[in-house]
Each structure stands twice: as structure tokens, then as C-alpha cells.
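Q: Okay, handing you the structure first.
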Amino acid sequence: MRVVLQLLTVAAVALIGSQGVGAVQGNPWLTLVIGVATAVLAVLAYAWVVRRTERREPVEVALSGAAAATGRGLLIGVLMCGSVIANIAWLGGYSIAGFGSATGMVALFGFMAAAAVTEELLFRGVLFRIVEERTGTWVALLLSGVVFGLAHIPNPNASLWGATAIAIEAGFMLAAAYAATRTLWLPIGLHFGWNFALGGIFAAEVSGNDTTDGLLDATLSGPTLLTGGAFGPEASGYAVAFGAALTVVFLWLARRRGNIVPRRRRADRAPATATLAG
């Protein structure tokens, strides 16, 4: 029941936040405020429900070291996105006509902050973490990554390939980032950095959604394997390759730090975040 209660608690905050953003659509500053507020409230709600259902401190969202971990993740996400766009541009698939909309970038900052935080709490904080306790790191990574990819199927312009790409480059990578660090702040920063850079700076579609009202006035053109097509660069072969490479790096770090949880009998197993945090 703790899985259900935790998922429902965070999902309720995400739903209320999305309704708020929808109600002020067209006002970038209110979108920014509501998006950031949703992100903060989601973390507080997650911490509260974990304390109530697991009788422990939610060390995975502890404030100590949060800024540094989020900053590292943000840097990785922006660099990864910039590398993907640069490679697409090198082959002629991305061109810049000039500047786009600064206020559009502001609105996307709030929207992406809410999306990154709530999705990381749901998929890594709840699903991956609790499944890992029962099945171990490898099965939890595979399962949560596949579910994360499938969750993007209802998105506009989605396809089986797009969902597969999301599972590999984001679902697996972000779970591996959490396994390596045992904090949700790094995957939150990474997730936000990628999404905001992709839509807010480079003005490309994010997971099939039209987020082209960003800082730059840019165009993507070319084969789907190169640019990702209508789904956006997340369906690009470059994004999959970079995401897979980072997954390997994070899993290597997790193994080196002793953070890979083997499959154990439930009676012999303590919550992974309580025993392996740090």
C-alpha cells in the first residue's frame, strides 16, 4: 500500500499543479510561479508521505547537499542536450534563424521544473526505489525504465520507437543516476537540465510536445533517426547513444560505491535508501 499511497500523493500535487498551469496559460510569469511552487510542494508531499508510510526520514530528498547535487545534474543535462543538438546541427538537421521568445523560455522554466520534479519523485523516488528493495537494482532499473517509456506513449506524436528511446536514454539513465548517488536531487537536476535546454533554449519538441517557443528561433529537419522527427530530439539516435553511455557510467559508479542492491529475500532486506544513502 505504501507504493499506492506515495504515488497518489505525489500525483495529486502534479495534477493540481498542471491544472493551475493550464488556467494561467499565456501568462509566463504566473506559469513560472505555479510551476516552481508545484515542484516544491511535490517534494514536501513526498517527504511527508514517506515519513508516514515508512517511518523513516526521506534521506533521498534531504536538504543537505541538495543544491550541489541538483547543480551537478543540471550541468550534465544541459551538456548532454547541447551535445545532441550540436551533433544534429553538424549533419545539417538543426538550424537557427535568430532569437525566439524570452518570455516563452520563462514559462517553460516553470513548466519543466514541475515536470522534472514530479516525474522523478514518481518514477525514481517511489517506483524504482521500492521495487529495488524486493527485486534488486537490475530488475528495478529495467522495469521502471520500461514503465517510464510507456508513460510517454499518450504524448502527441509518440511512437513505439519514441517510447523505447525515452526508456533507454531517460528511464534507465535517471534510475542509474539515483543508484549511483542515492539522492533524487541529481536525477532531478539532470531531468530538468535536459528538458529546459531542449525546449527553453534550443526550442525543440520535448517528448512530442510543442515547446518550440523558446529562446532561439530554430528548425529541425531531416531523417527521424537523426532529428527524432515530430517527437523531437529525444527520439534521435544521438540522444539514445548519449543516454546509454551515461547509464553505463552511473552504473559503474554505483557498483564502485557498493550501491548495487542484489535480489534478496524480503525478510533479509532493509530499505535501500536507508542503508545506502550518501
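The values are calculated or read from the model by the stated rules, or taken from the named source; none is laboratory data. A quick note: this is a predicted structure, and the numbers were derived from the prediction, not measured. No Cβ is skipped: glycine too gets one built from the backbone with ideal geometry, and neighbour counts run over all protein chains shown.
Q: Quick check on this structure: which one of 91, 108, 122 is in contact with a Leu (Cβ under 8 Å, 6 or more places away or on another chain), buried (at least 18 other Cβ atoms within 10 Å of the Cβ) and not β-branched (Val, Ile, Thr)?
A: Sole residue among the options that is in contact with a Leu (Cβ under 8 Å, 6 or more places away or on another chain), buried (at least 18 other Cβ atoms within 10 Å of the Cβ) and not β-branched (Val, Ile, Thr): 122.
Q: For residue 189, are the conditions met, namely being in contact with a Lys or Arg (Cβ under 9 Å, 6 or more places away or on another chain), at pLDDT 95 or above, more than 25 Å from residue 54 (Cα to Cα) and not β-branched (Val, Ile, Thr)?
A: yes
Q: Name the single residue that is farthest from residue 50 (Cα to Cα) among those in the stretch 6-36 being in a loop (DSSP other than H, G, I, E, B) and polar (S, T, N, Q).
A: Here the answer is 27.
Q: Is it the case, given these coordinates, that residue 21 is β-branched (Val, Ile, Thr) and under 20 Å from residue 213 (Cβ atoms)?
A: Yes, satisfied.
Q: Related question: For the stretch 11-22, name all the residues that are farther than 20 Å from residue 151 by Cα and surrounded by 12 or more Cβ atoms within 10 Å (Cβ to Cβ).
A: 20, 21
Q: OK, next. Inside the stretch 121-225, counting only helices (runs of 4 or more DSSP H) that do not spill past its ends, which hold 3 or more residues that are under 18 Å from residue 73 (Cα atoms), under 13 Å from the mean Cα position of the chain (by Cα) and not aliphatic (A, V, I, L, M)?
A: Hits in the stretch 121-225: 185-195.
Q: Moving to a separate point now. Is it the case, given these coordinates, that residue 99 is in contact with a strand residue (DSSP E or B) (Cβ under 8 Å, 6 or more places away or on another chain) and surrounded by fewer than 21 Cβ atoms within 10 Å (Cβ to Cβ)?
A: yes
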